[in-house]
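What follows is a set of notes on a single structure, which appears directly below.
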Amino acid sequence: MNVTDFLSETIDKSIRSLGQGSYERDAYDEHSVGDKNDLPSSEGSIPGQAFLLHRSLPVWSSRLCHKRGFSLNSAAKYRGNAIDVLTAVEVEEFRDILSSVITEEFPLTDDLQVPNCRDVINVGPIDPNRPLYSPGDWVEILGSDMIWRLDMITRVMSEAPDDWDWNDPNNDGRDPTWTFTYNAGDRRDIATEDLRSPEQGLKMIFGHRPWVWQQWAVLKLEQKIRFQEYHESDLKKMDIQQFATVLWNQWLNHPSNSEFKELFFDDRIGDKGRNELTHHIQKPFYLMDIIKEDNDEWNFEDDQDINVYTYSSCLGMLHPIALLSFILQLLLPFIIWNSYYCGKYEKSQSLERSEEKAKWLALLIYLYYFSTILPDAYYKMSSTVGSSDTVYSRLNSLRRNVWMKGCDTLIQQLFYKIDLFMNTAHISLLSMLNVYVLSKELEPINVVLDSLAFFFIARIDEEFARAQWWDPNRRWVRCLNMCEIFCFMLKLLVLASTVNR
């Protein structure tokens, strides 16, 4: 059964539930009428969303009937024993309403999922205090892997400021300054700053000139910015967005660019089209400004997963501390395993009781492992491969994107792979080796010491990176993060081939 058939069957079951009265009367009470927000949403796959719809649509559909003025006046119509109490017209009306709402929230049909050339173009005037995008508009969304992907807006939510007083007589007839968030695909509550118009749609209108300017502006910024504390162009002090805006205005108003300027200010494009282009082109500079500032999204201070291998993979330098950490994390587990694998124990009568205590203590540690260590290892693995919404995960995503372009050095490639191995496979091997060692231990105190030893070994690379002397105020890691954006944004191979001609 495909998803469309499943949703059709779900609608039929929801209609039958109205006739069979399998839910309480309060669920249909007019005071509990909800709106479209009552529709359950899920960030999983569409079949999973359909299952949630199947579980909760009967109650929600009845609220929808009241909301849309659907005629269910008689108690027998929701207390009856058969679907026959609903007329064919009412059933068809209800089916159309429910199908439209489901399709709006979870678009499944091909015409909604495959945009044409006109769908990816966002031009026209900007309405004040209105959402920039509407349901059905196609946008690009920045994922946790730091790659922009095309998706369709399915819902727009508005929220008034916290200090807005609806009971104030002075606010009668006035609208607050709304804050709009969006649903698109499987993402929910996306801020406007995390959206942009599709690149292909903008290129069909404006051509490739703005993206050539973007390459030039990134090069100019790379020449201007400095890693020198207290300097006016230091990465922490420099206003990157303002620098890019000045370059954009200089280029736009240059006499040799009059043809593009005429196109840019064409009335058919409108303020929305101009805003979408500048918003799209300025995104890399906006991201750099966010990274260099201390905020919740890029808070390097509180991220405990950034390690010395991350620094070396971005810096491209064989740092002795990173090499020392790599040797320790490989050598220490081997020494512990060798001592237990090759050692011979002669059980004496005095050790039998200690061995029994050690086994019980090891069992408790196993329970601790299965309840905490294994979930932590899974979370660490997802952060390392770039699928989590953490600073370390986004940094690894940027690093992977640069590696895929082939613009990094041999040392950068080597330590990038070391970082992946030491925070995925190595942690799993350490856990298995720890279980083996604990099963061989005879003394209770050694069981505890061995467990602490393996935990220490797994955290050597992170503890080096968190030392006060390693990177005070996390200046280096911010600089390295911005360097990754430079390498990702610049088409170095294309620029090099152009220069060599």
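The values are calculated or read from the model by the stated rules, or taken from the named source; none is laboratory data. This is a predicted model, so every value here is computed, not measured. With ideal geometry, Cβ positions are generated from the backbone for all residues, glycine too; neighbour counts draw on all protein chains shown. The area values use the complete protein model at the heavy-atom level, side chains included, leaving out ligands, DNA and RNA. Shrake-Rupley method; radii C 1.70, N 1.55, O 1.52, S 1.80 Å.
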> Among (1) farther than 17 Å from residue 366 by Cβ; (2) at pLDDT 85 or above; (3) more than 30 Å from the chain's Cα centre (by Cα); (4) of a type outside the set (S, T, N, Q), where does residue 433 come up short?
Replying inline: (1)
>> Restricting to region 141-156, name every residue that is within 18 Å of residue 276 (Cα to Cα) and open to solvent by less than 20 Å² (accessible area, probe 1.4 Å).
In response: 141, 152, 153
>> Being in contact with a Cys (Cβ under 9 Å, 6 or more places away or on another chain), open to solvent by less than 20 Å² (accessible area, probe 1.4 Å) and aliphatic (A, V, I, L, M) narrows it down to one residue among 477, 391, 437; which is it?
In response: 477
> Can you name every residue in region 161-203 that is under 22 Å from residue 278 (Cα atoms), among the small types (Gly, Ala, Ser) and part of a loop (DSSP other than H, G, I, E, B)?
Replying inline: 197
> Mind checking which residues of region 100-157 are at pLDDT below 85 and acidic (Asp, Glu)?
Replying inline: 104, 105, 110, 111, 119, 127, 145
>> Quick test for you: out of 287, 235, 318, 221, pick the one residue that is closer than 30 Å to residue 388 by Cα and touching a Cys at 6+ places or on another chain (Cβ under 7 Å).
In response: 235
> Which of the residues spanning region 402-428 are in a helix (DSSP H, G or I) and either open to solvent by 60 Å² or more (accessible area, probe 1.4 Å) or farther than 26 Å from residue 454 by Cβ (or both)?
Replying inline: 402, 403, 404, 405, 410, 411, 412, 413, 414, 417, 421
>> Which of the numbered conditions does residue 222 fail, given that it passes all the others? Conditions: (1) under 18 Å from the mean Cα position of the chain (by Cα); (2) open to solvent by 40 Å² or more (accessible area, probe 1.4 Å); (3) touching a residue at least 40 places away in the same chain (Cβ under 8 Å).
In response: (1)
>> If I filter region 249-259 for residues that are touching a helix residue (DSSP H, G or I) at 6+ places or on another chain (Cβ under 8 Å), open to solvent by 40 Å² or more (accessible area, probe 1.4 Å) and free of Cβ contacts under 8 Å to residues at least 24 places away in the same chain, do I get at least one hit?
In response: yes
